[in-house]
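In what follows, a structure is listed as C-alpha cells, so that the remarks can point back to it.
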Amino acid sequence: GYIAWELMFGESPEGPGFRPPKSEADDEDDKYLGEPQRPTPLELPENASVVGLQNNGNTCFLNSILQALSSLRAFHEYLHDLLTLAPNLELARELLIVVQGGTSDAIKVHRIIASRERMYSGTDQQDAHELLTSLLSAIDADARR
C-alpha cells in the first residue's frame, strides 16, 4: 500500500504530500482507538543491519530482501511504531527481530509468509521482487486490521 511505497521511495505513488482519503472505517477506528499518537523514537545502534542470515533450504531470495530492508532506518521505525500500536502482529514482530540483528535465522518470517502464500512453502527458488511485494502487502494488511 501507500505506507510501503513511501518507505521504499520516500513519497506516495500520487506524489509528495498525498494521503489517501479517509473512509468511514477510518473514522470508526479513530473513535475506537482515539487520536493516533506518535510513539517515542526508536533508538537503533549505529551498526543495525543483518549480516549473514542462514540459508534454510533455499531462502536466499528472502535473505536478500531482509538484508536490504534492514538497512532502511525508516523500515525499523515503521515496524517499531506498528508494534507499539498493535503488539500482537506476529509478522511485524518477527521482522523487527531479524532486521535489528536479533537472530541470524529468518525461518519464522519464512513460515509466516509461507502460511499466507503457498508459493513460498517448500524449498523452491522464488523471485526476490515478488517476495518483497508479498511481504510489504502482508505488513500493510496486518496494519489495517
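A few notes on this one:
- Within the option set Ile107, Ile97, Ile112, being over 10 Å from the mean Cα position of the chain (by Cα), more than 14 Å from Asn63 (Cβ to Cβ) and open to solvent by less than 50 Å² (accessible area, probe 1.4 Å) holds for one residue only, Ile112.
- When the test is whether a residue is on the phi < 0 side of the Ramachandran plot, under 14 Å from the mean Cα position of the chain (by Cα) and open to solvent by less than 40 Å² (accessible area, probe 1.4 Å), Ala86 passes it.
- Of all the numbered requirements in (1) part of a helix (DSSP H, G or I); (2) modelled with pLDDT of 85 or more; (3) open to solvent by 40 Å² or more (accessible area, probe 1.4 Å), Phe75 misses one, and that requirement is (3).
- Among the residues listed as Asn63, Asn55, the single one being at pLDDT 65 or above and surrounded by 19 or more Cβ atoms within 10 Å (Cβ to Cβ): Asn63
- Subset of the range 94-109 (residues that are part of a helix (DSSP H, G or I) and not aliphatic (A, V, I, L, M)): Glu94, Lys108
- Checklist (1) more than 13 Å from Phe61 (Cβ to Cβ); (2) outside any helix (DSSP H, G or I); (3) more than 14 Å from the chain's Cα centre (by Cα) applied to Gln126, failing item: (1)
The values are calculated or read from the model by the stated rules, or taken from the named source; none is laboratory data. A quick note: this is a predicted structure, and the numbers were derived from the prediction, not measured. Using ideal geometry, Cβ is built from the backbone for each residue, glycine included, and neighbour counts are taken over all protein chains shown. Each accessible area value is taken on the protein alone, full model and side chains, heavy atoms only, with ligands, DNA and RNA left out. Shrake-Rupley method; radii C 1.70, N 1.55, O 1.52, S 1.80 Å.
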